[in-house]
Amino acid sequence: MTAAWSPAELQEINAARELEIASRRADGTLRRWVPIWAVSTGGLVYVRTWYRRETGWFGHVLASRRARIRVPGLEADVEVEDVGEGTPELRAGVSAAYETKYGCGGGTERIVSAEAAAATLRLSPEDRVQTVAVK
C-alpha cells in the first residue's frame, strides 16, 4: 500500500530540474545516485528512460520495485510501478508533462517518443517510511 504525495512534496519535485534516484539492492542498501528527469501529473510522479532496458538505473529500479529519490528539500523512499504499457491517455499525459516542464528542444523529443513512453515508471512514496527534508 502506498501513500499519496503531499502538495509540498510535489512542489519540490516539480521545482527541481532533475531528480536523483538510487535503486535498492536485495540487502536494502542503495546503489549510486543517478540524475534523471521527472514530472508529475494528476498528483502522481513519473520518470522515464530513453529506451527500455534491463541494465543501468532503470533495470535495477524495475527489478527491485523500490528506490530512494531526492531533490533539493526532499528525500523519500518510493515504490516503483511499471506503467509503460498504460493507457494512451496516461502516456500522452506524462509526455505532455515532460514537454511542459522541459520544453520542446534538447532531449525532450527523445523522452516523449513512443520508445521512451514504453519505459515509464510511476513513483509512489512508501507509506511506512516518512519523507525526510533535505537541507
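The values are calculated or read from the model by the stated rules, or taken from the named source; none is laboratory data. Note that the coordinates shown come from a computational prediction; the quantities given were computed from them, not determined experimentally. FYI the Cβ positions are ideal-geometry reconstructions off the backbone, even for glycines, and counts take in every protein chain you see.
Some values worked out for this structure:
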{"quantity": "Matching entry among VAL71, VAL112, VAL78 (being in contact with a helix residue (DSSP H, G or I) (Cβ under 7 Å, 6 or more places away or on another chain), touching a residue at least 40 places away in the same chain (Cβ under 8 Å) and buried (at least 19 other Cβ atoms within 10 Å of the Cβ))", "calculated": "VAL71"}
{"quantity": "Residue check, GLU109 assigned to a loop (DSSP other than H, G, I, E, B) and not hydrophobic (A, V, I, L, M, F, W, C)", "calculated": "no"}
{"quantity": "Selected residue (only one of ALA92, ALA116 is closer than 19 Å to GLY43 by Cβ and in a helix (DSSP H, G or I))", "calculated": "ALA92"}
{"quantity": "Only one of TYR51, TYR46 that is at pLDDT 95 or above and either touching a helix residue (DSSP H, G or I) at 6+ places or on another chain (Cβ under 6 Å) or acidic (Asp, Glu) (or both)", "calculated": "TYR46"}
{"quantity": "Test: TYR51 is surrounded by 18 or more Cβ atoms within 10 Å (Cβ to Cβ), touching a residue at least 40 places away in the same chain (Cβ under 8 Å) and among the aromatic types (Phe, Trp, Tyr)", "calculated": "no"}
{"quantity": "Odd one out for GLY105 among (1) at pLDDT below 90; (2) surrounded by 19 or more Cβ atoms within 10 Å (Cβ to Cβ)", "calculated": "(2)"}
{"quantity": "Residue match in the range 35-43 (condition: touching a Phe, Trp or Tyr at 6+ places or on another chain (Cβ under 7 Å), part of a loop (DSSP other than H, G, I, E, B), on the phi < 0 side of the Ramachandran plot and surrounded by fewer than 19 Cβ atoms within 10 Å (Cβ to Cβ))", "calculated": "yes"}
{"quantity": "Conditions (1) within 15 Å of TRP50 (Cα to Cα); (2) assigned to a helix (DSSP H, G or I); number of the one not met by GLY84", "calculated": "(2)"}
{"quantity": "Number of positions in the range 22-48 that are free of Cβ contacts under 8 Å to residues at least 60 places away in the same chain, in contact with a strand residue (DSSP E or B) (Cβ under 9 Å, 6 or more places away or on another chain) and hydrophobic (A, V, I, L, M, F, W, C)", "calculated": "5"}
{"quantity": "Selection within the range 86-109 - free of Cβ contacts under 8 Å to residues at least 24 places away in the same chain and under 14 Å from the mean Cα position of the chain (by Cα)", "calculated": "SER95"}
{"quantity": "Residue list for the range 1-29, restricted to those being under 15 Å from HIS60 (Cβ atoms) and surrounded by 14 or more Cβ atoms within 10 Å (Cβ to Cβ)", "calculated": "GLU20, ILE21, ALA22, SER23, ARG24"}
